[in-house]
Structure formats: structure tokens, C-alpha cells
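Data block below; observations after.
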Amino acid sequence: MFCHEGTTQYVHDRIWIGDFNTGETKNLFVQATIPGNEVNTGEPTGHEVWSMDGEYVYFIKYPMFSTNVGISGMMRIDKDGINREYINSDYLYWHCYGSPDNNWMVADTQEKDATAKVVLANTNTYQSMILADFDLIKRTPDHPHQPHPTFSPDGNIITW
């Protein structure tokens with residue numbers, strides 16, 4: 001997997017996969033565009049990560065309130081690019097990671113009220129729960145808090 005880097009709202013073809021054996025590449029997540037808007041994409045995405053078993057790419061679809069198409073939040077798409085799945089849109093997510101068994105997704109947030117959260121979502125029920133909450137003003141007044149949550153290889157521990 002590789003990504004066309006750049007400011008997310010301006011990249012129309014961000015998530016790609018490539019086959020090292022054949023050299024073939026494919027835009028895995030074809031982003032919706034807004035008719036007549038050649039600048040902004042309707043589905044800005046970022047912070048992509050492979051699932052541990054190589055079956056999915058997990059990523060965040062960021063809100064662009066003036067141009068957004070569909071739901072924003074935690075997402076995953078299968079390696080064939082056929083099944084895109086919205087996992088949870090309860091918060092303004094930023095970075096994400098999937099569990100080894102693909103039953104959970106953890107993400108951090110970038111909230112408007114100067115807080116950040118670490119949120120766990122079930123990929124079967126799509127329900128979320130907050131694992132940690134940070135007051136950004138007290139912790140990092142000059143830089144956003146980026147916990148980058150991740151699962152341990154056995155899936156029993158989440159660190160950030």
C-alpha cells in the first residue's frame with residue numbers, strides 16, 4: 001500500500017495498492033468528487049494503515065464541512081477495493097489502527113473543544129467507547145496531541 005501524499009482535501013486519488021510480483025497498481029479507494037469543484041475532493045482521507053493480516057486498509061475519512069460527501073470517520077476497505085465500510089463517525093477522528101483479528105479499531109481524535117480522545121470501536125456493531133480523554137490546553141498548548149493508538153501484536157493491549 002502506498003499513498004499519494006499531500007493536503008488531504010486536495011488529493012483525489014490518495015490510497016493505492018501495488019503488486020510487487022506483477023508491478024500492477026490500483027487506486028484502492030476511489031474518492032467521490034463534487035461536480036464543478038476541481039480543487040477539493042468530496043472525500044478527504046488520510047493516516048492509512050494495513051490490517052495485520054493484509055486483508056484491509058484502515059483509514060480516516062476527514063470531515064470537510066463545506067464539501068463533504070457521505071459520512072466521515074473511521075473506515076476500512078478490503079484489499080480488493082470492493083467493500084468499503086464505515087466503522088464509526090461518533091468523533092472527529094485523526095489516526096487509526098485495526099486489531100489483529102479485525103474486530104476492533106482504535107483511533108485518536110482532534111476535537112474542537114481543545115480535547116483529544118482515544119476511542120475504541122467494534123467493527124461488527126460499529127459502537128464506540130472512549131478509552132482516554134486529554135485536555136490539550138493543559139498538556140500541549142502549542143501543538144495538537146497525537147496519541148497514535150495501536151494494538152499489541154496479540155491484540156490484548158492498546159498503547160498510545
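Name the strands (runs of 3 or more DSSP E) wholly within region 64-135 that hold at least 1 residues that are open to solvent by 30 Å² or more (accessible area, probe 1.4 Å) and more than 28 Å from His12 (Cβ to Cβ)?
Output list reads 104-109, 128-135.
For the list (1) in contact with a Ser or Thr (Cβ under 8 Å, 6 or more places away or on another chain); (2) in a loop (DSSP other than H, G, I, E, B), I need the number of the one condition that Phe20 fails.
It fails just one condition, (1).
Taking region 1-15, which residues are crowded, with 17+ Cβ neighbours inside 10 Å and touching a Phe, Trp or Tyr at 6+ places or on another chain (Cβ under 9 Å)?
Listed by number, the residues that qualify are Cys3, Thr8, Gln9, Arg14, Ile15.
For region 27-53, name all the residues that are open to solvent by 40 Å² or more (accessible area, probe 1.4 Å), within 19 Å of His95 (Cβ to Cβ) and in a strand (DSSP E or B).
His47, Trp50 - these are the residues of region 27-53 that are open to solvent by 40 Å² or more (accessible area, probe 1.4 Å), within 19 Å of His95 (Cβ to Cβ) and in a strand (DSSP E or B).
Could you please tell me which pairs satisfy a Cβ distance under 8 Å, a separation of 6+ or placement on different chains, a first residue in region 7-29 that is free of Cβ contacts under 8 Å to residues at least 12 places away in the same chain and under 21 Å from Ile82 (Cβ atoms), and a second residue that is surrounded by fewer than 10 Cβ atoms within 10 Å (Cβ to Cβ) and of a type in the set (Asp, Glu)?
Close Cβ pairs satisfying both conditions: Thr25/Asp19.
Could you please let me know if Asn40 is closer than 25 Å to His148 by Cβ and in contact with a Ser or Thr (Cβ under 8 Å, 6 or more places away or on another chain)?
no
The values are calculated or read from the model by the stated rules, or taken from the named source; none is laboratory data. Keep in mind that what you see is a predicted model, and the values were worked out from it rather than measured. Don't worry about glycine lacking a Cβ; one is built from the backbone with ideal geometry, like all the others, and counts go over all protein chains shown. The accessibility values were calculated without ligands, DNA or RNA, using every heavy atom of the protein model including side chains. Shrake-Rupley method; radii C 1.70, N 1.55, O 1.52, S 1.80 Å.
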